[in-house]
Amino acid sequence: MTHLNIRTAFPYETTHEDIRVPLADGTTLYARVWRPVTDEPVSVLLEYLPYRLTDWTAPRDWQRHPWYAGHGYASVRVDVRGHGNSEGLPTDEYSAQELADGVEVVNWLAAQEWSTGKVGMFGISWGGFNSLQIAALAPEPLKAIVTVCSADDRYDNDVHYMGGSVLAVDMHAWAATMLAFVSRPPDPYYVGDAWRDMWLTRLEAVDPFIHTWLDHQTRDDYWRHGSVCEDYSAIGAAVLAVGGWHDPYRDTVLRLVEHLPDDQVRGLIGPWSHQYPDRGLPPGPAIGFLQETLRWWDHHLKGQDTGVMAEPKLRSWISASHPPATVYPELAGGWAGDPAWPSPNVTPTAYALQGVPQIVASPQRTGLDAGRFFPFGNDADLPPDQRDEDAKSACFEFEVPSEVRVLGRPKVTLRLRMDVPTGQAVARLCDVAPDGSSTLVTRGVLNLSARHGRDRAEPWPPGATEDVTFELNGIGHTFPPGHRIRLAVSSAYWPWIWPQPDSAAGFTLDPAGSALELPVRDGELDPSITFEAPEQSEPLGVVSPATLDEERPERLVVRDVAKGEWRLSVDPRYGGTRVYPDGLEFTEEALESYTINESDPLSARTRSDWTIRLHRPELAWDTTIETHSEIRCDATDFHTWNEVICREGSEVLFHRTWERRIGRTAG
């Protein structure tokens, strides 16, 4: 395992303070600033999130912001409007208001007397998204960003849709999570007696995100907003794009290094999950990510020649073959460097499918072994052995006489005949070992009504035969000699993909005219690509007390044999109970469930339940947020139901339910 170094001594002594950043409309945003002790102005780094800097992200923030300050930067963490202790009302994710506020924050930081006027932004997931989006608005002081596990395409590379299909697994789960998150109160320890009025005003403005997301089932102007893939040339800052092969957003790294010029971008993809690469969460190996980003900042904000722009345009980890498992502390493999993307070292190689036409009508439970859409480094995140899934799919195999190293996005072309107007095709690429075990390498999905473009929904002409082509998610993987490459094609993938009304009918797949295309990388791995051991600053000191409650499974599948019904229950394990050094006791509990009858696509339903308690005994402050969310469907509509209950002590301060019927225009 990679050793983590905790730094307690730095080139600079540091200090920190909480401040409010004023906006033009009179709203102030809550911020925490770590600064080096120096009389000289310094460059500024900004992380801008809705996730509450005084509690939810505080442990992570203390791993990196003091570290940057100790190396000569002012490192600033700001809560988005309407979240945490910031004023104002919450908005949709990446709203025009959020981005405009972000531009104001960048300009305000550049204007401070302790600032050189040069600003960088960084963040993972939401913070990586808005770093990219604010860079595309090009505020003059913003010179460089580090965007980690983020997306350039809000429609087809986020938590909402995949291949034009509704993502049941995270469309709902994330909307439900944000409903719970946005309903949390400001903290009186930081905002004083105004907290209750601020909270109630926010709650009156809450509307579940799921309504908006399901109202836009094709790639329309709503999704184009904030999608930097609409115009990469608008990005005005240097971009270090970082991802992990076990993160659903990794294809953005490949697109950014393809579309941005050599002197503006570098890409880095490791074996990681949806985490910063220095945190040591599986799968590893972890790297000295803070040191690597310091090279980036020193070059672009201080003008120092750190050699960071002499690195290959794309550095990527290529994993060795490995047996199926739901967690890997570390994966074997090595680093490859490519001077451009598409790489001159990668050759698209076609594998023609063989055999006679076959009907693919997968049971609706196909996909229960897909693993978590957002792996966070938990024990049950990754897909187990795929043999059960393969048995419910049409499989095509290719011998591996000599090593095949894949780097990039595989592609499939499928010749399909379908007798119904709606359906979806799912393709999985698996590494089959001599003992028969099947390891999922990567996968892709196509809503067949989106076959001519994600911006439209075109029903399939019943009885027609068409060739459809779609890409699988990018991957770096080595197939060793003696193994087999398996392409598995199914017509269902629950609960990742919400089933189409007609999906039980499936389709006929004709191997003639169908093919798998692999991006085969020539050349050896590059042992000269190395990273320092991970470093972080001293931890905050949050305590996670033991409880007497029996720990429930992370992922539990229950089968009702008589009904033919399957239920997947998921404990996302975001944080549990923790006690902060400032006295806050924070408890959260969540459970997601996904239920379907194996023969009925209209039986699909999802549910998410959250309970969050924030308690300060010394202030006699005790608040609880309880949320419940469900989605069901019939042939023509989604039916959504959401409930929020907020209490101070035992008194209910707020209670609201929402019920919506949303037409299935493409989903």
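We did not get these values from a lab; they are worked out from the coordinates using the rules stated. Everything numeric in this text was worked out from a predicted model, so none of it was measured. Counting neighbours? That spans all protein chains shown, and the Cβs are built from the backbone with ideal geometry, glycine included.
For the reader, a short list of remarks on this structure follows.
- Matching label, Rg/Rh (Cα atoms, Kirkwood Rh) computed from the structure shown, candidates (1) 0.96; (2) 1.41; (3) 1.05: (1)
- Sorting 9-21, 223-235 by their mean Cβ neighbour count within 10 Å, with the most densely packed peptide first, gives 223-235, 9-21.
- The count of lysine pairs in the chain that are at least 8 places apart or cross chains, and whose C-alpha atoms lie under 28 Å apart, stands at 9.
- Per-residue HN-Hα couplings for region 83-94 [Karplus 6.51, -1.76, 1.60; θ = phi - 60°; Hz; x = Gly/Pro]: 10, x, 9, 7, 7, x, 9, x, 10, 5, 5, 6
- Options V441, P495, P462, ranked by Cα towards positive dipole end of region 346-521, top entry (Cβ charges): P462
- For region 303-318, the Karplus equation 6.51 cos²θ - 1.76 cosθ + 1.60, evaluated at θ = phi - 60°, returns couplings of x, 8, 7, 9, x, 5, 7, 8, 5, x, 4, 10, 10, 9, 7, 10 Hz by residue, with Gly and Pro reported as x.
- Computed from label points 7 Å out along Cα-Cβ, the spacing between T465 and T665 is 3.4 nm.
- For region 436-452, backbone phi angles converted through the Karplus equation (6.51, -1.76, 1.60; θ = phi - 60°) give residue-by-residue couplings of x, 5, 10, 9, 5, 9, 6, 7, x, 9, 9, 5, 5, 7, 9, 5, 9 Hz, Gly and Pro being listed as x.
- Relative contact order (%) - criterion: Cα under 8 Å, at least six apart; region: region 346-521: 43 percent
- Computed over region 277-323, the Cα gyration tensor eigenvalues convert (square root of 5λ each) into semi-axes of 27, 14, 5 Å, ordered from largest to smallest.
- The chain: relative contact order as a whole-number percent, Cα under 8 Å and 6+ apart: 13 percent
- Expected 222 nm ellipticity per residue - DSSP helices of 4 or more, -39500 (n - 2.57), all of the chain, to 500: -4500 deg cm²/dmol
- Length released on extending from A325 to E551, taking residue separation times 0.36 nm less the Cα-Cα span: 79.3 nm
- Percent of alpha-carbon pairs separated by more than 29 Å within region 346-521: 17 percent
- Theoretical FRET efficiency, 1/(1+(r/R0)^6), r = Cβ-Cβ of Q304 and T530, R0 25 Å, to 0.05: 0.80
- Gyration tensor verdict on region 541-663 (Cα atoms; rounded if a/c is under 1.5, prolate if a/b is larger than b/c, oblate otherwise): oblate
- Placing +1 on the Cβ of every Lys and Arg and -1 on the Cβ of every Asp and Glu, with nothing else charged, gives region 537-667 a dipole about its Cα centre of roughly 540 debye.
- Euclidean distance of C-alpha centroids, region 412-435 and region 150-200, integer Å: 33 Å
- Dipole size of the chain about its Cα centre, with +1 on Lys/Arg Cβ and -1 on Asp/Glu Cβ: approximately 940 debye, rounded to the nearest 20.
- Ranking G288, P527, W56 by how far each Cα lies toward the positive end of the dipole of the chain (charges on Cβ) leaves P527 at the top.
- Distance between the modelled labels on R196 and T212, one decimal in nanometres: 3.0 nm (7 Å Cα→Cβ projection).
- Legend: calculated FRET efficiency, Y351 to T577, from the Cβ-Cβ distance at R0 = 45 Å, rounded to 0.05, equals 0.35.
- Sorting 420-429, 521-530, 344-353 by their mean Cβ neighbour count within 10 Å, with the most densely packed peptide first, gives 420-429, 344-353, 521-530.
- Counted charge near H615, where neighbours are those whose Cβ lies closer than 13 Å (Asp, Glu -1; Lys, Arg +1): -3
- Each Lys and Arg contributes +1 and each Asp and Glu -1, all at the Cβ; summed about the Cα centre of region 28-71, the dipole is approximately 160 debye.
- For region 606-667 versus region 488-506, the spacing of their alpha-carbon centroids is 28 Å.
- Whole-Å distance, taken between Cα centres, linking region 322-350 and region 70-105: 36 Å
- Three-way shape label, region 498-597, alpha-carbon gyration tensor, a/c 1.5: oblate
- In this simple spin-label model, placing a label point 7 Å from the Cα along the Cα-to-Cβ direction at both E17 and D262 gives a separation of 4.6 nm.
- Computed from the Cα positions only, the extents of region 260-373 along the three principal axes stand at 61, 33, 24 Å, in decreasing order.
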